[in-house]
Amino acid sequence: MENRWSDRDAESAIERWSKQGANIDVALRTYSSRLIGVEPHLVVHGGGNTSVKTTAVDDTGEPVNVICVKGSGWDLATIEPAGLPAVRLEPLVKLQSLDTMSDEAMVNAQRANLLDTTAPNPSVETLLHAFLPHAFIDHSHANAVLALTDQPDGEALCREVFGDRMACVPYVMPGFALAKKALAVFQERPDVDGMILLKHGIFTFGHTAREAYDRMIAAVTLAEQRITDQARVSLAGMHLPRAVGRGRPKSFSPIRLPDRIASVADVAPILRGLAAIDKGEGAYARWIFDYRSSPEILDFVNGADIGRYSQQGPATPDHAIRIKTKPLITPPADGGRIDAFAAGARAAMDAYKADYYAYFKRNNARHGGSRNALDPVPRVILVPGLGLFGLGASRTDAAIAADLAETNVAVITDAETLGQYRVISEADIFDIEYWSLEQAKLGKTTEKPLARQIAVITGGGGGIGAATAASFRSAGAEVAVLDIDEGQAHAAAKNVGGMGLACDVTKPRDVAGAFERVVVALGGVDIVVSNAGGAFQGLIGDVADSVLRESFELNFWSHHSVAREAVRIMRRQRTGGCLLFNASKQAFNPGPGFGPYGLPKAATIQLMRQYAIDYGADGIRAAAVNADRIRSGLLTDAMVAERAKARGIGTDAYMSGNLLGREVRAADVADAFVALACAERSTATVMTVDGGNPAAAPR
Ligand code: ZN
């Protein structure tokens, strides 16, 4: 493993953070914590923690001994001095004298001794850091160390690899008991560089930040070397034709795969529908999917023995909070028999959920039934032939699940190279998954109304489209912005943290391609706002047929292509959906010279109704927004000025010429789309957003 320490960077870290009031110890602690955090083979997503023992001054200006330790909610990769709250050291060290301490009492003692009461909760592993005497302590969940220790006899393997440089601590759940155990082990072996926490991770110590970090990298490198050596032996013995991936040693003996593998776009909506939690009355708690594949992942998911090695439990207990005890395995993604795949996947999902509830019941009994069951949905799905999916309530959470899944693939592959992957017991995993302190980390905020839903917005780069993308994002939806102008699509998407795609909605193949990319990236589609349109004008008897046809292509046919693609995906998901169309007052209240625009818009209203009628039984709703006089690409300032002049009024008077006497903005249209998406019992309806125009009211 690369040692990333740089004296120059360390010095600039001191310079940078001393300006924020951090002393040299804390500045260097921040610097080397980041070195650990940025290395995914050491920690991922908030895993691991670090500390430094130093002095601070209290309110009277007196120096006080403190331990600055990683605060809850901070990630080592991006940590700042504020993420290392200072806790008075002596009161913590005194706790050694206790025999036991509850989690709640421990957290309270840690908080009570903070110098700054507004600081985040110190890590649940704070006491372990505090009880040991070393100035700097680093803790990671290094992949290579986990591969060594996640074995039936991991301790022997660790002794072989690390000799007497590292002590081994048997598995104990993090908290007071682990801190005591680690201290006892250390007191017997006070000369070690660090400790292997069996089936959990590694701690290294040092007088300086550099020493602790160097020891971490050295130990992990030893472990990596051991895996590589074993792989060479295995390869030589097995006469394997190739090493998988980047010289990855293990090649699981594969199953026979179907001749044609189904596409991600075909498989993801099926799985997404199966994973959705039916809340009754047509409501669902859906999931965002994050698809991953690589030679290593395929080697792993295609292995004949996947039912054993993938079902043991996570590589380090911490992962159980994010990805539960085990992933779901589906049948191979047979492209020739997608219906059979769907049926097999459904059976596998049902079995997974039943198994999860049985696991909960079994283990909750040990706690006197005091825990409340979490949802039984897997956070990782393995699909032989295709790869894996991470599931989450948001795109971010799905990515975290997928990252952890990839880490598990790497660790398990290495562990199986060395011997056989084996982790802590089911009971120990349960105690972590249902640990109140860990559940608290995940937060229990109320979800936004469109959370867990995926919205596709066409014409999303323009005024109304971009405002709509922003409104859907504010309502919690994951957003994909399609626009004929790729730059505008990306700009609007970036604004809302969504994905942007170039798409000419008048080309059905373009539409299909864009939807496929959305499904691959997010797992499916729940809401479509078919918004792209264009104003075409001309007296209906004079205008060229080509103009009228062109308008129909954009203002009618594209709506159909978009809706058809969405419905195809929604029916695979079997969790309903919502189709929203941007119509126009022209559909109800035609104006002179606007026939080429109004005719296809009127047809689009009818199209909306037809989709509502034909797919209502599938839970798919359809609705349109009938907007008027919105400043946008279709109604430019010049046009406004011209129309106002024709009526002999000012532009403001023209724009607010409605019952309410107020100009209607793009954001008002956007909010109407969101309102329709939330209106679970409304379909085949039109909502006017025009400030009141009786002549254009649907009738
Ligand atoms: Zn840990």
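Couple of notes before you dig in:
- Given (1) at pLDDT 95 or above; (2) open to solvent by less than 40 Å² (accessible area, probe 1.4 Å), number of the condition residue 280 does not satisfy: (1)
- Residue count, region 455-475 (criterion: of a type outside the set (A, V, I, L, M) and open to solvent by 10 Å² or more (accessible area, probe 1.4 Å)): 7
- Subset of region 556-570 [closer than 10 Å to residue 506 by Cβ and either not hydrophobic (A, V, I, L, M, F, W, C) or not in a helix (DSSP H, G or I) (or both)]: 558, 561
- Verdict on residue 300 being open to solvent by less than 20 Å² (accessible area, probe 1.4 Å), in a loop (DSSP other than H, G, I, E, B) and either without any contact (Cβ under 8 Å) to a residue 24 or more places away in the chain or not assigned by TED's automatic domain parsing to the domain that holds residue 499 (or both): no
- Going through (1) modelled with pLDDT under 95; (2) surrounded by fewer than 20 Cβ atoms within 10 Å (Cβ to Cβ); (3) more than 16 Å from the ligand (Cβ to nearest atom) one by one, residue 22 falls short only on (2).
- Residue list for region 25-63, restricted to those being over 33 Å from the mean Cα position of the chain (by Cα) and open to solvent by 20 Å² or more (accessible area, probe 1.4 Å): 25, 53, 55, 56, 57, 58, 59, 60, 61, 62, 63
- All positions within region 304-346 that are over 20 Å from the mean Cα position of the chain (by Cα) and over 20 Å from residue 271 (Cβ atoms): 304, 305, 308, 309, 312, 313
- The number of residues in region 329-381 that are more than 19 Å from residue 302 (Cβ to Cβ), among the hydroxyl-bearing types (Ser, Thr, Tyr) and modelled with pLDDT of 95 or more comes to 4.
- Residue list for region 320-353, filter: in a helix (DSSP H, G or I), touching a residue at least 40 places away in the same chain (Cβ under 8 Å) and open to solvent by 10 Å² or more (accessible area, probe 1.4 Å): 321, 322, 323, 338, 342, 346
- Qualifying positions in region 158-208 - polar (S, T, N, Q) and in contact (Cβ under 8 Å) with a residue 60 or more places away in the chain: 204, 208
Listed here are the residues, each with its yes/no results for (1) closer than 28 Å to residue 506 by Cα; (2) loosely packed, with under 13 Cβ neighbours inside 10 Å; (3) at pLDDT below 95.
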{"position": "609", "(1), (2), (3)": "yes, no, no"}
{"position": "655", "(1), (2), (3)": "no, no, yes"}
{"position": "670", "(1), (2), (3)": "yes, no, no"}
{"position": "695", "(1), (2), (3)": "no, yes, yes"}
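- From the list 478, 516, the lone residue that is in contact with a Leu (Cβ under 6 Å, 6 or more places away or on another chain) and either touching a residue at least 24 places away in the same chain (Cβ under 8 Å) or open to solvent by less than 10 Å² (accessible area, probe 1.4 Å) (or both) is 478.
- Selected residue [farther than 21 Å from residue 450 by Cα, assigned to a loop (DSSP other than H, G, I, E, B) and out of contact with any helix residue (DSSP H, G or I) (no Cβ under 9 Å at 6 or more places or on another chain)] from 593, 633: 593
- Complete set of residues in region 147-172 that are more than 24 Å from residue 37 (Cα to Cα) and either away from the ligand (no atom under 16 Å from the Cβ) or not assigned by TED's automatic domain parsing to the domain that holds residue 70 (or both): 151, 152, 153, 155, 156, 157, 159, 160, 161, 163, 164
- Selection status of residue 144, outside the structural domain of residue 416 (by TED's automatic domain parsing), among the small types (Gly, Ala, Ser) and either in a loop (DSSP other than H, G, I, E, B) or within 16 Å of the ligand (Cβ to nearest atom) (or both): yes
- Any hit, region 147-159, residues being under 26 Å from residue 404 (Cα atoms), part of a helix (DSSP H, G or I), open to solvent by less than 10 Å² (accessible area, probe 1.4 Å) and of a type in the set (Val, Ile, Thr): yes
- Among the residues of region 116-141, those identified as free of Cβ contacts under 8 Å to residues at least 60 places away in the same chain, under 34 Å from the mean Cα position of the chain (by Cα) and within 16 Å of the ligand (Cβ to nearest atom) are 121, 122, 127.
- Set 407, 417, 396, 413: member being touching a Lys or Arg at 6+ places or on another chain (Cβ under 6 Å) and either open to solvent by 10 Å² or more (accessible area, probe 1.4 Å) or in a loop (DSSP other than H, G, I, E, B) (or both): 417
- Scanning region 488-513 for residues that are without any contact (Cβ under 8 Å) to a residue 12 or more places away in the chain and within 16 Å of residue 463 (Cα to Cα) yields a count of 2.
- Search result, residues across region 98-122 that are over 23 Å from residue 57 (Cβ atoms) and either open to solvent by less than 20 Å² (accessible area, probe 1.4 Å) or not β-branched (Val, Ile, Thr) (or both): 98, 99, 101, 102, 103, 104, 105, 106, 108
- Complete set of residues in region 181-218 that are in a helix (DSSP H, G or I), more than 16 Å from the ligand (Cβ to nearest atom) and small (Gly, Ala, Ser): 184, 209, 218
The values are calculated or read from the model by the stated rules, or taken from the named source; none is laboratory data. Bear in mind the structure is a predicted one, so any value in this text is a computation, not a measurement. Note: ideal-geometry Cβ built from the backbone for every residue, glycine included; neighbour counts use all protein chains shown. Side chains included, ligands, DNA and RNA excluded: accessible areas come from the protein's heavy atoms. Shrake-Rupley method; radii C 1.70, N 1.55, O 1.52, S 1.80 Å.
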